[in-house]
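Please treat every number below as a calculation from the coordinates, not as lab data. Not measured: the values here are computed from a predicted model. Ideal geometry is used to build each Cβ from the backbone, glycine not excepted, and the neighbour counts take in all protein chains shown.
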Amino acid sequence: MRKYDENKDKSRAWLEIDLNNLKHNAKVLQGVMAADCTLMAVVKANAYGHGDIEVAACLNSAGVNSFAVATIDEGIRLRKNNITGEILVLGYTDVTRAKELEQFELMQTVIDYSYGIELSKQGLRISVHVKVDTGMHRLGFGEKEYEKAAEIFGLDNLTVEGIFTHLCASESNEEEDIDFTYNQINTFYSFLEELKTLGINLPKVHIQSSYGLLNYPELQCDYTRIGIALYGSLSTLHDKCRITPDLRPVLSLKAKVALTKALSAGESLSYGRTYTAAKAMKIAILPIGYGDGLPRNLSNSRTSAILKGKKVPIIGRICMDQLIVDITDLNCVKRGDIATLIGSEGGEEILAAEVAEEGDSIANELLSRLGSRLNRIYVEKETEQDHLEYSVSGTV
Ligand SMILES: *Cc1c(COP(=O)(O)O)cnc(C)c1O
């Protein structure tokens with residue numbers, strides 16, 4: 001790791017990833033789980049935009065040895081970068097890639113009966129987790145298909161290491177959704193009972209993702225599959241959860257001011273001329289746009305940036321590579337000043353969930369789309385003196 005250097009680090013815009021907060025979140029989440037339950041860190045979609053390898057390596061060093069990804073290629077990428085421990089592929093993998101599952105020691109989800117049979121026919125020893133569909137109606141065995149699921153346990157080539165389901169409304173505190181969720185949970189446990197009746201020794205069991213843990217912490221499971229909470233965010237700002245561990249945002253999004261200029265009353269700005277200055281004003285151009293993952297539907301004051309410790313609104317349309325903020329109320333903004341679009345500065349804070357909500361989405365989507373074009377700067381305090389170490393990865 002090298003130290004951050006103002007002169008060397010010439011990014012126009014970047015993501016700052018606080019690895020201390022990541023480790024803190026892993027620790028407090030483990031603290032609210034049962035002692036014998038394992039945190040399975042969900043690092044799909046480039047660890048929700050945080051950088052999959054750096055996040056997984058940091059978690060490995062903090063003692064987390066269980067990961068989930070969505071695709072086989074995400075799993076292979078982790079292995080090729082020396083990530084150790086278990087890696088579960090949650091999504092569909094073409095069975096012709098069984099050799100890679102075996103070679104890279106990836107566990108594959110069995111998404112239904114015929115998939116399990118086909119995977120087994122590849123003639124390789126593959127570790128799997130069986131998925132049960134209890135109401136999401138996405139992947140998994142039907143809730144009455146326990147006999148077929150039992151057959152999967154009997155296949156020579158597949159070693160069933162786990163069985164799981166996924167809740168589809170665990171974030172809600174509407175009574176109807178809570179009833180639905182308990183129904184999913186009961187359906188899953190009944191499925192397990194049926195398997196036991198059929199003589200199956202149950203493997204590891206898991207149900208909860210972030211909101212499953214935060215709203216149904218009493219469930220007895222062997223794993224929790226935690227994504228968004230690990231990154232220190234809720235999906236939606238105002239979700240009320242039954243438990244509220246001290247989660248800290250891991251990611252900040254920053255950009256350097258490229259240019260400031262004055263506008264006269266009556267002058268419009270950006271594409272489509274959706275904003276016109278009502279009076280003389282000052283604006284700053286930030287070199288970041290929807291091409292970096294900041295959604296265009298946040299245009300025209302739906303969100304802000306923090307500049308000089310004050311929130312300033314984004315005005316006019318967000319472009320692919322640039323956006324404009326109103327700095328009329330600020331003094332002495334100059335080229336190179338750092339604006340924070342997600343994160344905190346000088347007592348002000350902009351949360352990912354807040355920005356996402358303004359764009360009619362959730363933090364999961366916003367974060368996972370950030371950064372195909374941004375540097376990621378990893379920040380970690382290495383010593384007791386709060387000495388900061390930085391490392392940079394990605395493209396400029
Ligand atoms: C993405 C995903 C998770 C993680 O969900 P969060 O809400 O981000 O914690 C867990 N389980 C499955 C099956 C997933 O697809």
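Side notes on the structure shown:
- Extension gain for ALA258 to THR244 (0.36 nm times residue separation, less C-alpha to C-alpha distance): 1.1 nm.
- Pairs of Lys residues in the stretch 1-119 are counted when their Cα atoms are under 25 angstrom apart and they lie 8 or more places apart or on different chains; the count is 7.
- Spherically averaged projected area in nm², based on the convex hull that wraps the Cα atoms of the stretch 160-317: 13.9 nm²
- Computed FRET value (nearest 0.05) for ASN173 with LYS196, which takes r as the C-beta separation and R₀ as 30 Å: 0.40
- The stretch 202-264: proportion of alpha-carbon pairs further apart than 16 angstrom, %: 58 percent
- Beta bridges per DSSP with both ends in the chain, % antiparallel, nearest 5: 55 percent
- Volume per residue that the Cα convex hull of the stretch 86-208 spans, once the total is divided by residue count, Å³: 93 Å³
- For LYS311, the lysines whose Cα falls under 22 Å of its own Cα, not counting residues fewer than eight places away in the same chain, are LYS254, LYS256, LYS261, LYS279, LYS282, LYS334.
- Note, ³J(HN,Hα) from phi for the stretch 333-343, Karplus 6.51, -1.76, 1.60, rounded to Hz, x at Gly and Pro: 6, 9, 3, x, 5, 9, 9, 10, 9, 9, x
- For the stretch 232-291, the equivalent ellipsoid built from the Cα gyration tensor has semi-axes of 37, 16, 11 Å, listed from largest to smallest.
- Across the stretch 1-144, the convex hull enclosing all Cα atoms gives 155 Å³ per residue.
- Within-12-Å neighbourhood charge of PHE188 [Cβ basis; K, R +1; D, E -1]: -3
- The chain - Rg (one decimal) and Dmax (whole number), Cα, Å: 23.6, 79
- Summary value for the chain: 18 percent relative contact order, contacts being C-alpha pairs under 8 angstrom separated by 6+ residues.
- Calculated FRET efficiency for the pair SER61/GLN103, C-beta based, R₀ 30 Å, to 0.05: 0.75
- Relative to the Cα centre, the charge distribution of the chain, modelled as +1 at Lys and Arg Cβ and -1 at Asp and Glu Cβ, gives a dipole magnitude of about 1920 debye.
- Cα-centre dipole for the stretch 49-188 with unit charges at Cβ (Lys and Arg positive, Asp and Glu negative), debye to 20: 740 debye
- Between ALA68, ILE117, VAL32, the Cα set farthest toward the positive side of the dipole of the stretch 1-141 (charges on each charged residue's Cβ, about the Cα centre) is that of ALA68.
- Close amide H partners of GLU267, meaning residues 5 or more places away or on another chain with modelled amide H under 5 Å apart, are ALA277.
- Computed 3J(HN,Hα) for the stretch 230-247, one whole-Hz value per residue from the Karplus formula 6.51 cos²θ - 1.76 cosθ + 1.60 where θ = phi - 60°, is 4, 8, x, 9, 9, 5, 10, 3, 9, 4, 9, 10, 5, 10, 10, x, 6, 8, glycine and proline marked x.
- Spacing of the modelled spin labels on ASP321 and VAL32, each 7 Å from Cα toward Cβ, amounts to 4.3 nm.
- Paramagnetic label reach from THR71 (point 7 Å along Cα→Cβ; backbone nitrogen cut-off under 13 Å): within the stretch 94-135, residues 94.
- Taking a straight line from the alpha carbon of LYS381, these aspartates and glutamates sit under 12 Å away, with near neighbours fewer than eight places off in the same chain left out: ASP18, GLU389.
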